[in-house]
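Structure record follows, encoded as structure tokens.
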Amino acid sequence: MKVNLIGHPKNQLIEFFAELGEPGFRASQVLKWIHQRGVTEFEEMTDLSKLLRAKLAEIAVVEGLKPKTEIVSADGTRKWLLALPDGNCIETVFIPEDSRGTLCISSQVGCSLNCTFCATGRQGFNRNLSSAEIISQLWHVHNELRSDNNRRPITNIVLMGMGEPLLNYEAVVAAMLLMLDDNAYGFSRRRVTLSTAGIIPGIERLLTDCPVSLAVSLHAPHDELRNQLVPLNRKYPIAELMDACRKYAAFDRRWRVTFEYIMLKGINDSVSQARQLARILTEVPAKVNLIPYNTVDGLQYERSDQDAIDRFRDVLLSQHIMTITRKTRGDDVDAACGQLKGKFTDRTHRSAKLAAEAVPLESLV
Ligand code: SAH
């Protein structure tokens, strides 16, 4: 089996070349070829000796994921279904805006967390993605957009696609190191955002290994409701989560943790819940993203009315908490938050179980 170098961050490439008796700067050379120039053939890496190129071709490959389909939404959002070697598929979404372009990347095939409102969670879980498969999503879209001059390039990356990134820790960190590396993509830490449902030990480790912007999917102001919506809360309850966020934000005085809060009609969108939310956020440098719920087939949730969303936002603003309502993008092609499903075999059999038992909404409130 040849080793695929596309997912190797610099430290791993340095090790790889050391074993071949080559100096460390080969790593930077190869990173540039792969990630900045989109070159996959060692033969074309002309600043390496002919001998080394031949050797590399014998033992290694540079292999990205192949796109199966690409769909463009009416609002310009683009969604790619990318094929994995094992036959599963994952989704990656590019969201162009006036002044920026955001790429939304998946970290797992499916998700093991089972949040009750999320399409990915309802589909079950298959496996972790490798660092090669994670960075390939950026590599592929970066190459596509570069050859297409009218479109704006990627300015921000969010790990908000399928999966829970902090449950695939090593591979996600390796991929993020590539995103930040000046010899690869050179994104600033501020422009790479990892979104988590609240894996506390992962948040703590991230601060040492690869601090980037942090988003936390909160969705409820107290444990009783959050236990229902985000079952992970039973393991990592809100008070401890807030503590971890406060420590994380202390990394840099300018940092704020983004709290994502999905707006579900009649469930978590009342004025008193907004006040509760403001109260638990007082100790944390925070900003809040209100996400209008996007419909998921088979679920009975409804999106909060615009009035309710505005009222909720105003309560937070009156408590001096920076709050924005996220614009819904790409929902006509199921590319919006919570709508990504990919195509894969569910090893947990959760999708079949859920289809058999309809969960009455009242049980959640
Ligand atoms: N597992 C990580 C990464 C996924 S991010 C996390 O939970 O943060 C995906 C974001 O979309 C999360 O904030 C999630 O809560 C939100 N989301 C899930 N389903 C949604 C839906 N139906 N409508 C709107 N947002 C949704």
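The values are calculated or read from the model by the stated rules, or taken from the named source; none is laboratory data. None of these values were measured; they are calculated from a predicted model. Don't worry about glycine lacking a Cβ; one is built from the backbone with ideal geometry, like all the others, and counts go over all protein chains shown. Calculation scope for accessible area: heavy atoms of the full protein, side chains included, ligands and nucleic acids excluded. Shrake-Rupley method; radii C 1.70, N 1.55, O 1.52, S 1.80 Å.
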**Item:** Charge context of ALA119, other residues only, Cβ under 14 angstrom, K/R +1, D/E -1
**Value:** 0
**Asked** If the label point is 7 Å along Cα→Cβ of HIS349, which residues in the stretch 118-135 have backbone nitrogen under 18 Å from it?
**Response** 122-127
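Calculated from DSSP H runs of 4 or more alone, at -39500 (n - 2.57) each and per residue, what is the 222 nm mean residue ellipticity of the chain, nearest 500? Write down the numbers at each step before the final one.
Values: 12 runs with 119 residues, N = 365.
Helix contribution divided over all residues of the chain: -9500 deg cm²/dmol.
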**Prompt:** Taking 0.36 nm per residue of separation and subtracting the Cα-Cα distance, what length does fully extending VAL333 through ALA18 add?
**Reply:** 108.7 nm
**Full-extension gain in nm, SER99 to GLU43, via 0.36 nm per residue minus C-alpha separation** = 16.4 nm
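Can you tell me the accessible area per residue over the chain, all protein chains present, probe 1.4 angstrom, in square angstrom? Write out the running numbers ahead of the final one.
Numbers: 16630 Å² over 365 residues.
In whole numbers, the chain has 46 Å² accessible per residue.
Sort the following peptides by mean Cβ neighbour count (other Cβ atoms within 10 Å, averaged over residues), highest first: 310-319, 193-202, 97-106.
On the way: 310-319: 16.7, 193-202: 21.4, 97-106: 18.3.
Going by the mean number of other Cβ atoms within 10 Å, highest first, we get 193-202, 97-106, 310-319.
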**Item:** ILE71 - accessible surface, heavy atoms, 1.4 Å probe, Å² rounded to 10
**Value:** 70
**Message:** Net charge around ARG190, counting only other residues with Cβ within less than 11 Å of its Cβ (Lys, Arg = +1; Asp, Glu = -1)?
**Reply:** +3
**Message:** Cross-link candidates for LYS341: which aspartates and glutamates have Cα within less than 12 Å, leaving aside residues fewer than 8 places away along the same chain?
**Reply:** GLU91, ASP297
**Message:** Just to be sure I understand the model, the point goes 7 Å from the Cα along the line to the Cβ. What's the resulting ARG326 to LYS265 distance in nm?
**Reply:** 2.0
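Could you tell me the relative contact order of the stretch 66-363? Use alpha-carbon pairs under 8 Å, at least six residues apart, and round to a whole percent. Intermediate values should be presented prior to the final figure.
Values: 592 pairs, mean separation 60.1, N = 298.
Relative CO of the stretch 66-363 lands at 20 percent.
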**Request:** Mean Kyte-Doolittle of at least -0.5 plus a Cα span of 15 Å or more along the axis: flag which DSSP H helices in the chain meet both, please.
**Result:** 131-146, 169-180, 238-249, 306-318
**Request:** Calculate how many DSSP beta bridges within the chain are antiparallel, expressed in % of all such bridges and rounded to the nearest 5.
**Result:** 45
**Request:** Run the accessible area of the chain with a 1.4 Å probe and give the carbon-and-sulfur part as a rounded percent.
**Result:** 49
**Prompt:** Direction-averaged shadow area of the convex hull around the Cα atoms of the chain, nm²?
**Reply:** 18.6
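Which peptide among 10-17, 86-93 comes first, and what is the full order, when sorted by highest mean count of other Cβ atoms within 10 Å? Working shown, then result.
Values: 10-17: 17.1, 86-93: 21.0.
With the highest mean Cβ count within 10 Å placed first, the list reads 86-93, 10-17.
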**Peptides ranked, highest mean first, by Cβ atoms within 10 Å: ranges 232-242, 267-277** = 267-277, 232-242
**Fill in**
Simple SL model, points at 7 angstrom along Cα→Cβ for ALA74 and ASP252; separation in nm is 3.8
**Complete:** Once Lys and Arg are counted +1 and Asp and Glu -1 for all other residues with Cβ under 15 Å from that of VAL39, the total becomes 0
